[in-house]
Amino acid sequence: MNQEKLKIGIYELTGCAGDALLILDCEKELIDIFNAVDIQSFLMAKSDNIEGELDVALVEGSVTTEKEIEELKDIRKRAKLVVALGLCATVGGIQARFGDREEWEENYKKVYGDIDMTHTRPVQSKPIDEYIEVDYYLPGCPIEKEQFLNFFTRFLKGNPPEKSQNPVCVTCKYNENDCLLKKGVLCLGPVTSDGCGSICINHNLPCIGCWGPLDVANRTAEFYLLQEKGYDVEEIKKKMANFSGTKIAEFFKKVGKEKR
Amino acid sequence: MRVIKLSKENLFPFLEVISEKTGLWAPVRKPNSGHVFKEIDDFAQIDLDYTRTILPPKKIFLPPSFNMFKASKNNYEEDFSHVSPKILFGIHPCDIHGLLIMDRFYSYVFDDPYYSKARDNTLILGHSCWPDENCLCKSTNTHIVEEGYDLFFTDLKDSYLVWIGSSKGDDLIRVKAELFDENIAEKDIQNFIQWREERDEAFQTEINFSAMPDLMELKYNDTLWEKLGDACLACGSCTNVCPTCNCYNVHDKPALGEDSSQIVRCWDACTLENYSEVAGGENFRKKRSDRLKLWYTHKLQAYISKYGKPSCVGCGRCIATCPVDINVKTVAHTLDGDKVDSFWNRFHEEVRK
C-alpha cells in the first residue's frame, strides 16, 4: 500500500515553526492525514526521517542563511511539487520587512558587529520563490486549519487547490462587523489576503496584515485614505510593511510620489 | 388587511407566546458595533431603536456561507439546516422591499429551494422606523409597505398600530387575542397621520431615481467611472451589505478520510476581482471601474428599465459601509450633475489629477 501513497516532506526554514505546529494541531484529523499520505520527513513530528524523492514538499519559513539556500535547492530537486507554507515562505515574513539591501546590512552590523559566522553565512531574509520555483502558496501567520485541510484534501483527490483572491473584508462582512476604516481606525483588511476568518476585527481589533499583501489590492487608495484619517505617512508605511516581506517593495518606492 | 392596536407593555408578552416553539430573530446591538439580526434568548437584548443592521435580513434566508449538500459516489444528501421555522421581528420597510426583490430573483422563474424554503418558514413582523441622513427609501418609495409582511407594527409612542398582512399573521394574533384592542379611536388615527407626516418630513436625502436610467446611458463613458475605480478598495462590502445583491459562488469541500464532498455556497460580489474570472484565467472585468459600472448599471438602470423601479431599496447600507464613499448617494448625485463631498472625489483631485 505504501508505494501508492503520496510521499510528503514538511520542512522548516527560518520562522516560528507555527505552520508545522498547526499541522500537528489538527488533532481530530491527524490520523487521517498520516493514513492518507506517506510522511517521509517531518522534523517536528518524528525522528526517523528519510530524505529522498518526494511528491510534495511543504516548506515553511523564509531563507536567511546560505545553508538554507542549499537545503531549499535540494528539496526542490527531490520534490515534484513545492508548496510555500505560511507568511514567511510566501513573502519573507517580518524578518524580510527591510526592503533594500543596504538597510539590511546596516541593521545586521548594528546587531552583530563584524563577527565572522563560522557555521553558515546569514543572508537577507527572502521568500522561498526568490531561489526556487514554487507551485502553490498557502499564506497565513500561521496558516489556518480549515485552509490547510481543504488544500490537503483537494490535493489528495486530484483537484487543484483554490487560491483565495479576496481581501479580509469579505469574511469580515460575513461576520457582520462594522467597517473599522470607516470609523477612522488603521485597518489593513482591504489590502490583506483573506483566510484568517477576520479574527482580529471580530474582536474589535484592526487587521494588521498578517496574512500578507493581497496581490490585487488597491494599496495607493488605502494609503491616502489612512493619511486623510490623520495617520502619519511613516506610521502607515511601517504598518503596511510589517507583514509584506519583499513582495510590495515597488509600492513603497512609488507611494507618496503621485501627488503633484 | 386589518389594523388593530397593541399597548406597548403587551409587546413582550405577545412575543413570548408566539416564540415558544419558533425561533425569534430581532435587532440586537453588537458590543462596540452596529446592530445585527440575531436569534433572541432574552427579550432585553432586543433593541428597536436602530436605523439599519450591518447585514440585511437576506443572511437569514441565504447565510453568507452554508453547505448545500453532501455528495459521495452513490449518495446525495441535501442540507436544509438553515431553514428552521423563524419569526423575524423588527424588520424595516426597506428590508421588506429587499426581500420582495430577492423573491423575484430566487423564486419567480426558477425556484431556489434553499431560499424559498427558508422564506416559507419565516414570518415577517415589520416595524416602523425613523430616517437618518443616509436613508433614501422615500426616494425609492420603499418607506411604506403594502405587501410582504405578516404583521407590521407602527410605533405611535404609547402604543402600536398593528397591520395584519396575511392569514398567518392573523393566526399569530389569535394565539393571544386578548392582548390586542380591536377598537381604534379617532385619536389613534390622528396620531398615525401626524406620525406619517413628521416621518416623511424627516428625510434629509433625496435622489431622483427616475432620471437614473437615462443618465446612466448618457454617462456610460463618463470619467466618473475611472475616478470611482481609482479609489475603490475592491473590498466587496457594498455588495455584501446590499439587501438586493444576490450573487453566489459554489465550492467543493472534499472530506478527509472518506469519499465524499460538501458543496458549499457562499455570497460572491461582482465588485471583487476574481468574480469575473473564468476557466483559463481570462477576466472580463479586471478593472475596478468596469466592475463598479456593472454594479451601478444593475441598481440604477437595468432593473428600473425592466421592472419600473430601482433595485436599490434606499436602506443606506452602502453609505454606512464604504470607507471611500462610493455609494448610491454620491454616485446618483454625481450622475445628476451635483458635486459631492467624498473621499473618491478628493482622492482624484488631490492625488490623481
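The values are calculated or read from the model by the stated rules, or taken from the named source; none is laboratory data. Everything numeric here is computed off the predicted structure, so don't read it as measured data. Note that each Cβ is placed from the backbone with ideal geometry, even for glycine, and that neighbours are counted across all protein chains shown. Surface areas here come from the heavy atoms of the whole protein model, side chains and all, with no ligands, DNA or RNA. Shrake-Rupley method; radii C 1.70, N 1.55, O 1.52, S 1.80 Å.
Extension gain, B:K73-B:K30: 0.36 nm per intervening residue step, less the Cα-Cα distance, totals 11.1 nm. Rounded to the nearest 0.05, what FRET efficiency do B:D132 and A:Q227 have when you use their Cβ-Cβ distance and R0 = 35 Å? The value I calculate is 0.80.
Once the 1.4 Å probe is applied to the protein heavy atoms, the range A:168-254 comes out at 38 Å² accessible per residue.
Tell me the angle of helix A:145-156 to the major Cα principal axis of chain A, expressed in degrees between 0 and 90 and rounded to the nearest ten. Value to nearest ten degrees: 50. Legend: mean number of C-beta atoms from other chains within 10 angstrom of residue C-beta atoms, peptide A:177-183, equals 6. When only the Cβ of Lys, Arg, Asp and Glu is charged (+1, +1, -1, -1), the dipole of the range B:209-352 relative to its Cα centre reaches about 300 debye. Each of A:S125, A:G92, A:L43 was scored by the projection of its Cα onto the charge dipole of the range A:2-156, and the greatest displacement toward the positive side belongs to A:L43; charges sit on the C-beta of Lys, Arg, Asp and Glu. A Förster radius of 56 Å combined with the Cβ-Cβ distance from B:K253 to B:V3 puts the calculated FRET efficiency at roughly 0.70.
With just the Cα atoms defining each centre, how far is the range B:87-163 from the range A:208-260? Give it in Å. What the calculation gives is 42 Å, centre to centre.
Figure legend: label point modelled 7 angstrom from the Cα of B:E146 along Cα→Cβ; residues of the range B:170-205 with amide N under 20 Å from it are B:193, B:196-197, B:200. The modelled label-to-label distance between A:N107 and B:F105, using points 7 Å beyond Cα along the C-beta direction, is 4.6 nm.
Note on the range A:168-254: dipole from Cβ charges, positive end direction compared against A:L181, A:C207, A:Y224; the farthest Cα belongs to A:Y224. Helical content alone sets the calculated 222 nm signal of chain A at -10000 deg cm²/dmol, taking -39,500 (n - 2.57) per DSSP H segment of four or more residues and averaging over every residue. The gain in end-to-end length when the B:K219 to B:D42 segment is fully stretched comes to 58.6 nm, 0.36 nm per residue minus the alpha carbon separation. Across all Cα pairs in the protein assembly as shown, the calculated P(r) in 10 Å bins from zero up to the longest distance comes to 3, 14, 22, 23, 18, 12, 6, 2, 1, 0 percent per bin.
Mean residue ellipticity, 222 nm, helices only, chain B: the sum of -39500 (n - 2.57) across DSSP H runs of n ≥ 4, divided by residue count and rounded to 500, is -8000 deg cm²/dmol. Averaging 1/r over each pair of different alpha-carbon atoms in the range B:2-201 and inverting the result gives 18.1 Å, the Kirkwood hydrodynamic radius. Taking every alpha-carbon pair in the range B:147-302 and binning the separations at 10 Å intervals from zero gives 8, 21, 21, 19, 20, 10, 2, 0 percent. Shielding by partners for peptide B:249-257, expressed as the average number of C-beta atoms from other protein chains within 10 Å of each residue's C-beta, is 6. For chain A, the average shadow cast by the Cα convex hull is 16.1 nm², which is a quarter of the hull's surface. When only alpha carbons are used to place a centre, the range B:225-239 and the range B:299-353 end up 11 Å from one another. Computed as a quarter of the hull surface, the mean projected area of the alpha carbon convex hull for the range A:2-156 stands at 9.5 nm².
Dipole orientation for the range B:2-201: of the candidates B:N75, B:G34, B:I173, B:N75 has the Cα lying most toward the positive pole (charges on Cβ; Lys, Arg +1; Asp, Glu -1).
Other residues within the sphere of radius under 11 Å centred on the Cβ of A:E12, judged by their own Cβ, net out at -4 (K and R +1, D and E -1).
Computed on the range A:168-254, the Cα convex hull volume stands at 84 Å³ per residue. Calculation over all alpha carbon pairs of the range B:103-189 in 10 angstrom steps from 0 returns a P(r) of 13, 35, 34, 16, 2 percent.
In the complete set of protein chains, residue-level accessible area for A:I115 is approximately 110 Å², probe 1.4 angstrom.
Taking a ≥ b ≥ c as the square roots of the Cα gyration tensor eigenvalues, chain B comes out oblate, since a/c reaches at least 1.5 and a/b does not exceed b/c. For A:K145 and A:K80, a Förster radius of 22 Å and the Cβ-Cβ distance give a FRET efficiency of 0.30, rounded to the nearest 0.05.
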